[in-house]
Ligand code: NDP
């Protein structure tokens, strides 16, 4: 079998187009312009690229983009004061603090300072708890994007055996919650899991979020399974260059799977698209519209 390649760029473009249409409708009907504030602390080059892309895509969707760049030496108190200001600002509907933060700043404290209604990353314990207890929540963007990609292959995931490899707060745990919400039978695997290949072989749906290049091998994959590769790993390539690979050995897995996401061009583009969707969602709730009215995700 040769797997269908899931085109994350095309699906993300579709989500962004729906967000742009939702933004235009919200503006037309309520006069509210959704605003996303992104806070970057320090000069990390990868974070600078992410923040620039977020700003560009926010504006392209017709929303207001607000950027706050603070030096790596900024005090925790100063950062918390800025978040307080953004919480009180009626023109700001989403707040994202780019992680990681410098070591002298407690990122848990910073995340908890964000108003849960503006927590478009979905990391605040209130949103984590709401997701876990089946209430409406702002949900982390990468797992949401991964779910949309899985559903682009099979719209009803009910009853599928799903294996999530990785249990981080950012990807693995919320991913498992989302799949449970879809009525999958969910297994969460991690570094202490015994006989991981046997666990993965049971899966109709595999979500790999490990952070290890080409870790999941082709002979772990059940024939016909849907494979969503969240990993982004930079590895050496020919000619002294580097390239990006996922957490799945792509060529091996594509020969067995029913559908698979490539890296790059799979989950990656979905993350910012879902951030924009969360910002629109937060703005709609702020406008007094029903939660989930956006209908993007
Ligand atoms: P973390 O490092 O926080 O978590 C990795 C998880 O993998 C942990 O739960 C760890 O288990 C598990 N793990 C590590 N080694 C093994 C092993 N040998 N066997 C089984 N499980 C193992 O990573 P993240 O969740 O933040 O990210 C995962 C990947 O996704 C990374 O490649 C990252 O770059 C990528 N990513 C991509 C995004 C995107 O936009 N596409 C966004 C966010 C992340 P344990 O808990 O036991 O240590």
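Would it be correct to say that residue 3 is surrounded by 14 or more Cβ atoms within 10 Å (Cβ to Cβ) and either more than 13 Å from residue 272 (Cα to Cα) or touching a helix residue (DSSP H, G or I) at 6+ places or on another chain (Cβ under 8 Å) (or both)? Spelling it out, residue 3 is indeed surrounded by 14 or more Cβ atoms within 10 Å (Cβ to Cβ) and either more than 13 Å from residue 272 (Cα to Cα) or touching a helix residue (DSSP H, G or I) at 6+ places or on another chain (Cβ under 8 Å) (or both). Taking the range 141-169 as the range and being within 11 Å of the ligand (Cβ to nearest atom), under 26 Å from residue 195 (Cα atoms) and in contact (Cβ under 8 Å) with a residue 24 or more places away in the chain as the test, the residues that pass are 143, 146, 163, 164, 165, 166, 168, 169.
Determine, yes or no, whether residue 172 is more than 26 Å from residue 135 (Cα to Cα), within 9 Å of the ligand (Cβ to nearest atom) and touching a strand residue (DSSP E or B) at 6+ places or on another chain (Cβ under 7 Å). When the stated conditions are applied, residue 172 does not pass them.
Quick check: is even one residue across the range 259-267 buried (at least 24 other Cβ atoms within 10 Å of the Cβ), farther than 17 Å from residue 143 by Cα, modelled with pLDDT of 95 or more and in contact with a strand residue (DSSP E or B) (Cβ under 9 Å, 6 or more places away or on another chain)? Scanning the range 259-267, I find no residue that is buried (at least 24 other Cβ atoms within 10 Å of the Cβ), farther than 17 Å from residue 143 by Cα, modelled with pLDDT of 95 or more and in contact with a strand residue (DSSP E or B) (Cβ under 9 Å, 6 or more places away or on another chain), so the answer is no.
Can residue 200 be described as part of a helix (DSSP H, G or I), surrounded by 14 or more Cβ atoms within 10 Å (Cβ to Cβ), touching a strand residue (DSSP E or B) at 6+ places or on another chain (Cβ under 9 Å) and touching a residue at least 24 places away in the same chain (Cβ under 8 Å)? It is true that residue 200 is part of a helix (DSSP H, G or I), surrounded by 14 or more Cβ atoms within 10 Å (Cβ to Cβ), touching a strand residue (DSSP E or B) at 6+ places or on another chain (Cβ under 9 Å) and touching a residue at least 24 places away in the same chain (Cβ under 8 Å).
Considering each residue of the range 226-235 in turn, none proves to be surrounded by fewer than 24 Cβ atoms within 10 Å (Cβ to Cβ), away from the ligand (no atom under 15 Å from the Cβ) and modelled with pLDDT of 95 or more.
Inside the range 101-122, residues that are touching a strand residue (DSSP E or B) at 6+ places or on another chain (Cβ under 9 Å) and assigned to a loop (DSSP other than H, G, I, E, B) make up a count of 7.
You will find that of 39, 19, 11, the residue that is in contact (Cβ under 8 Å) with a residue 24 or more places away in the chain, in contact with a helix residue (DSSP H, G or I) (Cβ under 6 Å, 6 or more places away or on another chain) and farther than 13 Å from residue 152 by Cα is 19 and no other. Reported count of residues in the range 64-98, each being surrounded by 15 or more Cβ atoms within 10 Å (Cβ to Cβ) and either on the phi > 0 side of the Ramachandran plot or in a loop (DSSP other than H, G, I, E, B) (or both), is 4. Here residue 251 meets each of (1) farther than 22 Å from residue 197 by Cβ; (2) modelled with pLDDT of 95 or more; (3) more than 10 Å from the ligand (Cβ to nearest atom); (4) surrounded by fewer than 16 Cβ atoms within 10 Å (Cβ to Cβ) with one exception, condition (1). Within the range 123-140, take every residue that is surrounded by fewer than 17 Cβ atoms within 10 Å (Cβ to Cβ) and part of a loop (DSSP other than H, G, I, E, B) and give me the one that is nearest to the chain's Cα centre (by Cα). Out of the qualifying residues, it is 136.
Of 239, 246, 288, all but one fail to be surrounded by 14 or more Cβ atoms within 10 Å (Cβ to Cβ) and either at pLDDT 95 or above or away from the ligand (no atom under 12 Å from the Cβ) (or both); the exception is 246.
Considering 212, 217, 194, 181, the condition of being more than 14 Å from the ligand (Cβ to nearest atom) and at pLDDT 95 or above is satisfied by 181 alone.
The values are calculated or read from the model by the stated rules, or taken from the named source; none is laboratory data. What you see is a predicted model; the values in this text were computed from it and never measured. Ideal geometry is used to build each Cβ from the backbone, glycine not excepted, and the neighbour counts take in all protein chains shown.
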